[in-house]
Amino acid sequence: MLTETQLLEFTQGRKITVIKQNDFGFPCAYKIKVESAGLRDWAQYTNCLFITGTMKGKRKPGGILLKSLDSFTIFDGWVDAADTAVTCIDENGTKITCLGFCFDKDTLEKASKVDAPIIFKNNPYTGE
C-alpha cells in the first residue's frame, strides 16, 4: 500500500481522480478535491487509505475508502476516464461516472489507461 512519503502527496486542495470498482463491481471514476488523507484500519482490513474532500459538483465534504485489496488508480487532476462513460448517482446524491457495465478487471484496466500523471496505482493481484 502507500508509504508515508507517498501519503504526503495528498496535499489539501489538490484535485485527484480515483478509478476503482465500486461495491457492486462497476468501474467508477471519483473526482475529489482533497481535504486530508490518511491510513487507518477499517473492519477487518488494515492499511486502508481514507481520502476526505469535496467531490466534483458538491459543496459538502465526503470521503472515499480504498482498501489494500482493492484495485485502483489515482491520477493527478480531474481527468475524463472514458468516452463511453455513464453518470450514476449514489445513495448520498453524489454524481459518479461509471465507466461501463462490466464486472471484470479488464474494464477497470482499460479505464485506467488515461494519458495523465499517476500518483499511485494499487493492483494486489499483479503486485503493482
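Summary of values
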{"quantity": "Residue within region 48-68 that is modelled with pLDDT of 85 or more, touching a helix residue (DSSP H, G or I) at 6+ places or on another chain (Cβ under 9 Å) and either in a loop (DSSP other than H, G, I, E, B) or of a type in the set (Val, Ile, Thr) (or both) present", "calculated": "no"}
{"quantity": "Residue match in region 23-37 (condition: touching an Asp or Glu at 6+ places or on another chain (Cβ under 8 Å), at pLDDT below 90 and not hydrophobic (A, V, I, L, M, F, W, C))", "calculated": "no"}
{"quantity": "Subset tally (residues that are touching a residue at least 60 places away in the same chain (Cβ under 8 Å) and surrounded by fewer than 16 Cβ atoms within 10 Å (Cβ to Cβ)) for region 16-38", "calculated": "2"}
{"quantity": "Pick from region 2-22, criterion part of a loop (DSSP other than H, G, I, E, B) and among the hydrophobic types (A, V, I, L, M, F, W, C), ranking: modelled with the highest pLDDT", "calculated": "Phe10"}
{"quantity": "Which numbered condition Gly63 fails, given (1) within 16 Å of Ile89 (Cα to Cα); (2) in contact (Cβ under 8 Å) with a residue 40 or more places away in the chain; (3) in contact with a strand residue (DSSP E or B) (Cβ under 8 Å, 6 or more places away or on another chain)", "calculated": "(2)"}
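The values are calculated or read from the model by the stated rules, or taken from the named source; none is laboratory data. What you see is a predicted model, and the numbers here were worked out from it, not measured in a lab. Counting neighbours? That spans all protein chains shown, and the Cβs are built from the backbone with ideal geometry, glycine included.
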